[in-house]
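I have placed the structure first, in the form of structure tokens, so that the comments after it can refer back to it.
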Amino acid sequence: MTTPNNVRGFLSLEEGRELFRLAAECPAKKVIVEVGAYYGKSTIWLGGGSKKGNRSKVYSVDWHRGDYEDKGDFRKMNTFPRFWRNIQKAGLELFIVPLVLKSEDLAKVFDLDIGLLFLDADHRYFAIKRDFDMWVPKLSPGGWLCLHDVKAREGPGRVYRENIESSPHFKDSRIIRNMGIAQKNY
């Protein structure tokens, strides 16, 4: 059986455990949305927490081609087959809804109540700010926002500092290793 520790990715154990905890506490009538999945490390943490908790669906949004504006070889590969194998090996396919789309395309039409939102896709400032602006309004009051790489990458770090850290729209903001977390206040 695949566990998050067997999956290639950039999430620390401490960050994964926090995603698991928040997913387990997500209200049953709300959904979990993950923007950016790579090979599914964070998806397995989220799906495992959901399975243990209120069994909220995890909508995993990823284009699975990387950053489509970058011409590097890594960015051209299709990560979806490996992602879905990892989800199946973890036994979580009933909890995960994979959406192979660009984040901005789905955000325009997504209309489910989000109780937990994890942003970890394109890390350039304009892209993560676009994801923040398009997805956070869909996050229910009391829902949790997690933003990865706030210390390691300038884009997510800037979005966290400018829009979450001291915003009246969020409370209980904190950083766990490299992941910013806050609860929507309105």
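The values are calculated or read from the model by the stated rules, or taken from the named source; none is laboratory data. For clarity, every value in this text was computed on a predicted model and none was experimentally measured. Counting neighbours? That spans all protein chains shown, and the Cβs are built from the backbone with ideal geometry, glycine included.
Quick look at the numbers
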quantity	calculated
Selected residue (criterion: nearest to Val31 (Cα to Cα)) from residues of region 89-108 that are touching a residue at least 12 places away in the same chain (Cβ under 8 Å) and not aliphatic (A, V, I, L, M)	Phe95
Test: residue in region 40-53 that is in contact (Cβ under 8 Å) with a residue 40 or more places away in the chain and in a strand (DSSP E or B)	no
Selection from region 1-20 of residues that are in a helix (DSSP H, G or I) and within 14 Å of the chain's Cα centre (by Cα)	Glu15, Gly16, Arg17, Glu18, Leu19, Phe20
Flag if Pro141 is without any contact (Cβ under 8 Å) to a residue 12 or more places away in the chain and either surrounded by fewer than 20 Cβ atoms within 10 Å (Cβ to Cβ) or part of a loop (DSSP other than H, G, I, E, B) (or both)	no
Region 85-97, residues that are surrounded by fewer than 20 Cβ atoms within 10 Å (Cβ to Cβ) and under 16 Å from the mean Cα position of the chain (by Cα)	Val97
From Phe132, Phe126, residue being within 22 Å of Tyr59 (Cα to Cα), in a helix (DSSP H, G or I) and either at pLDDT 95 or above or within 13 Å of the chain's Cα centre (by Cα) (or both)	Phe132
Output for region 78-100, where each listed residue is outside any strand (DSSP E or B) and hydrophobic (A, V, I, L, M, F, W, C)	Phe80, Phe83, Trp84, Ile87, Ala90, Leu92, Leu94, Phe95, Val100
Residues of region 108-123 satisfying the condition of being at pLDDT 95 or above, surrounded by fewer than 23 Cβ atoms within 10 Å (Cβ to Cβ) and not charged (D, E, K, R)	Val109, Phe110, Leu112
Test: Ser166 is among the polar types (S, T, N, Q) and within 23 Å of Gly49 (Cα to Cα)	no
Boolean, Ala152 is surrounded by fewer than 21 Cβ atoms within 10 Å (Cβ to Cβ), out of contact with any helix residue (DSSP H, G or I) (no Cβ under 6 Å at 6 or more places or on another chain) and closer than 23 Å to Asn5 by Cβ	yes
Sole exception among (1) part of a helix (DSSP H, G or I); (2) surrounded by fewer than 16 Cβ atoms within 10 Å (Cβ to Cβ) for Arg174, by number	(1)
Residue list for region 144-159, restricted to those being touching a residue at least 40 places away in the same chain (Cβ under 8 Å) and in contact with a strand residue (DSSP E or B) (Cβ under 7 Å, 6 or more places away or on another chain)	Trp144, Cys146, His148
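Conditions tested, residue by residue: (1) buried (at least 20 other Cβ atoms within 10 Å of the Cβ); (2) modelled with pLDDT of 95 or more.
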{"site": "Pro4", "(1), (2)": "yes, no"}
{"site": "Glu15", "(1), (2)": "yes, yes"}
{"site": "Val31", "(1), (2)": "yes, yes"}
{"site": "Tyr38", "(1), (2)": "yes, no"}
{"site": "Gly48", "(1), (2)": "yes, yes"}
{"site": "Lys52", "(1), (2)": "no, yes"}
{"site": "Ser60", "(1), (2)": "yes, yes"}
